[in-house]
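Colleague: Structure in structure tokens, see below.
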Amino acid sequence: MDFNFTPDQLALRKMAQEVVAKEVIPYVHEMDHDGKMRPDLLKKLDDAGLVSLVVPEEYDGPGLDAVTIALIYEELGKGCAGVATSVAANALASYPVILVGTDEQKKHWFDVINSGKLAAFALTEPGAGSDAGAVSTTAAKDGDDYILNGTKCFITNGGIADIFVIFANARKSAGIRGLTAFVIDRNTPGFSVGKEEDKMGIRASNTCELILDNVRIPAANRLGREGEGFKIAMRTLDAARPLVGAVSVGIAQAAFDAAVKYSKEREQFGKPIASFQLVQAMLADMAIAIETARLLVFKACWLKDQNLPFAKEAAMAKCYAADVAMKVTTDAVQVLGGYGYIKEYPTEKYMRDAKIMQIYEGTNQIQRLVIANQILY
Ligand code: CAA
């Protein structure tokens, strides 16, 4: 077992740290307040190669392995989980194309991503959250075309993406086996962006409703086979969940670092609060939790990179790291006390950001179901 990273991985992590320190951290408060990314940030991240991490080499991308991507996402998560979410949603949306796209579909998709534009993965609907198979958006076959109708909600990058993977049901009577994936360009007639959500955390990321009103697309835009959509969505989520874990580890690490720093500076009863054993115990528990979550994230990514089964470990990594992020950020607020609760200090934002990690890309209750299914059946 080798816990060392390669020189390339270390160089990429250092580069990500530097970009985050220069381009993200100074603007975190402003982006959180405004509820959006600063306008030129995406371009700066793209110039650094951080937006197109999952693009394969044969489509002019870096073709990075999952472990390396997790290393970078942890750094983005440390800087701003909202920014990390926007970048990670690009990867999430790209996985269906990587998994089942034709060469032509891949060329089109990666041309868009390589030009610095964002993508979005549109599965969730008001009536299809945890029950992803209950998608009610329809895809009716009409000659060589499909006509899509329906509404998607909570779509990360929905309002700012240029290209989308949309899941719709092409055979209602077949239920889950009718679900089908399609690629849609933003300017397709009938396709529009609805309400933008005003969120508790990850406020730098964009979350919107999408409306499909008689959207006509050629059958060439279908990803994989008709009825294959549910499995494509599940395999995509398997690939993306460890990366939610990586962002969660980043949030937890940033909150922990702030708590350690503060505990050494803050004096009560005539000494730094770090000298009190009850504070030390909290810091030690936080450190244990972060380290175990990180190991689980890397294990899931490593299994994926080895082409070994990894769905159970992906769910474990996402679930555990998200729970760790929630607990560690809550404890970091506790270490900072009253100061932890005000916006002048970074910890309250970490706590708000951590919450969504337990909800999106499958709630932690769903992760536990996925893990139990893998154990039992
Ligand atoms: N890989 C391949 N196939 C899979 C699979 C996987 N990981 N998981 C299930 N399948 C297959 C099953 O084998 C089964 O196939 P057969 O019919 O051929 O036997 C089929 O899919 C149906 O499986 P289930 O019976 O297990 O399906 P289910 O309806 O019970 O649902 C679930 C399972 C795990 C609850 C699933 O619905 C789920 O993961 N829900 C959560 C959805 C989710 O994560 N949404 C997140 C949206 S994206 C997001 O949040 C992004 C963002 O904005 C940041």
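The values are calculated or read from the model by the stated rules, or taken from the named source; none is laboratory data. Note that the structure is a prediction, hence the values are computed from the model and not measured. So basically every Cβ, Gly included, is an ideal-geometry build from the backbone, and we count neighbours across all protein chains shown. When the accessible area is computed, the model is the full protein with side chains, heavy atoms only, and any ligands, DNA or RNA have been set aside. Shrake-Rupley method; radii C 1.70, N 1.55, O 1.52, S 1.80 Å.
Colleague: Summarise the accessible area of the chain (1.4 Å probe, protein heavy atoms) by the percent that is carbon and sulfur.
Modeller: 55
Colleague: So, one more: Given a 1.4 Å probe and heavy atoms of the protein chains only, how would you sort Asp142, Asp213, largest accessible area at the top?
Modeller: Asp213, Asp142
Colleague: Running a GNM on the chain with Cα contacts under 10 Å, which residue among Ala322, Ala128, Ala284 ends up with the highest mean-square fluctuation?
Modeller: Most flexible of the set in this elastic network: Ala284.
Colleague: By its C-alpha gyration tensor, with a ≥ b ≥ c as the square roots of the eigenvalues, how is segment 168-218 shaped: rounded for a/c under 1.5, else prolate for a/b larger than b/c, else oblate?
Modeller: Oblate is the answer for segment 168-218, as a/c is 1.5 or above yet b/c matches or exceeds a/b.
Colleague: May I ask for the distance between the Cα centers of segment 314-377 and segment 3-49, given as a whole number of Å?
Modeller: 22
Colleague: Name the residues whose placed amide hydrogens come within less than 5 Å of the amide hydrogen of Phe191, ignoring near sequence neighbours (fewer than 5 apart) on the same chain.
Modeller: Excluding prolines and chain starts, which carry no amide H, the hits are Asp213.
Colleague: Still on this structure, please answer the following. Of Ala258, Leu369, Pro189, whose Cα points farthest to the positive end of the dipole of the chain (charges on the beta-carbon: +1 Lys, Arg; -1 Asp, Glu; origin at the Cα centre)?
Modeller: Ranked along the dipole, the leading option is Leu369.
Colleague: How large is ³J(HN,Hα), in whole Hz, for each residue of segment 198-207 in order, when computed from phi with the Karplus curve 6.51 cos²θ - 1.76 cosθ + 1.60 and θ = phi - 60°, using x for Gly and Pro?
Modeller: Each residue of segment 198-207 in turn: 9, 9, 5, x, 5, 6, 6, 8, 9, 10 Hz.
Colleague: Run the reach check for Lys141 against aspartates and glutamates, Cα to Cα strictly under 18 Å, same-chain hits fewer than 8 apart removed. What comes back?
Modeller: Partners found: Asp213, Glu226, Glu228.
Colleague: Name the long-range amide H neighbours of Leu210: under 5 Å, sequence gap of 5 or more, or other chain; modelled H, no Pro or chain starts.
Modeller: Lys152, Cys153, Gly194
Colleague: Something else: Work out the length of the dipole vector of the chain about its Cα centre, built from +1 on the beta-carbon of each Lys and Arg and -1 on the beta-carbon of each Asp and Glu, and round it to the nearest 20 debye.
Modeller: Result for the chain is approximately 760 debye, rounded to the nearest 20.
Colleague: May I ask you to list the trypsin sites (Lys or Arg not before Pro) in segment 289-347 that are in a DSSP loop and have at most 11 other Cβ atoms within 10 Å of their Cβ?
Modeller: Passing sites in segment 289-347 are Lys343.
Colleague: Viscosity 0.692 mPa s, temperature 37 °C: what is the translational diffusion coefficient of segment 230-376 from Stokes-Einstein with a Kirkwood Rh over Cα pairs, rounded to a whole number of µm²/s?
Modeller: 206
Colleague: Can you give the accessible area per residue of the chain, in Å², using a 1.4 Å probe?
Modeller: Solvent-accessible surface per residue comes out at 45 Å².
Colleague: Also, I was wondering about something else. Where does the Debye-calculated log10 I(q)/I(0) of the chain sit at q = 0.15 Å⁻¹, using only Cα point scatterers of equal weight, no solvent?
Modeller: Cα-only, vacuum Debye calculation for the chain: -1.33.
Colleague: If R0 is 51 Å, what FRET efficiency do you get for Lys261 and Asn373 from their C-beta distance, rounded to 0.05?
Modeller: Rounded to the nearest 0.05, the efficiency is 0.75.
Colleague: Would you calculate, for the chain, the mean residue ellipticity at 222 nm contributed by helices, counting each DSSP H stretch of 4 or more residues as -39,500 (n - 2.57) and dividing by all residues, to the nearest 500?
Modeller: Helix-only estimate at 222 nm: -17000 deg cm²/dmol.
Colleague: A follow-up question, please. Compute a Gaussian network model of the chain, connecting alpha carbons closer than 10 Å, and tell me which residue from Met37, Met200, Met351 fluctuates the most.
Modeller: Maximum fluctuation in the GNM of the chain, among the listed residues, is at Met200.
Colleague: For segment 1-104, what class follows from the C-alpha gyration tensor (a ≥ b ≥ c being the square roots of its eigenvalues): rounded when a/c is under 1.5, otherwise prolate if a/b is larger than b/c, else oblate?
Modeller: oblate
Colleague: Still on this structure, please answer the following. Setting aside same-chain residues fewer than 8 positions from Lys304, which aspartates and glutamates have a Cα under 18 Å from its Cα?
Modeller: Candidates past the 8-residue exclusion: Asp2, Glu57, Asp65, Glu74, Asp238, Glu313, Glu361.
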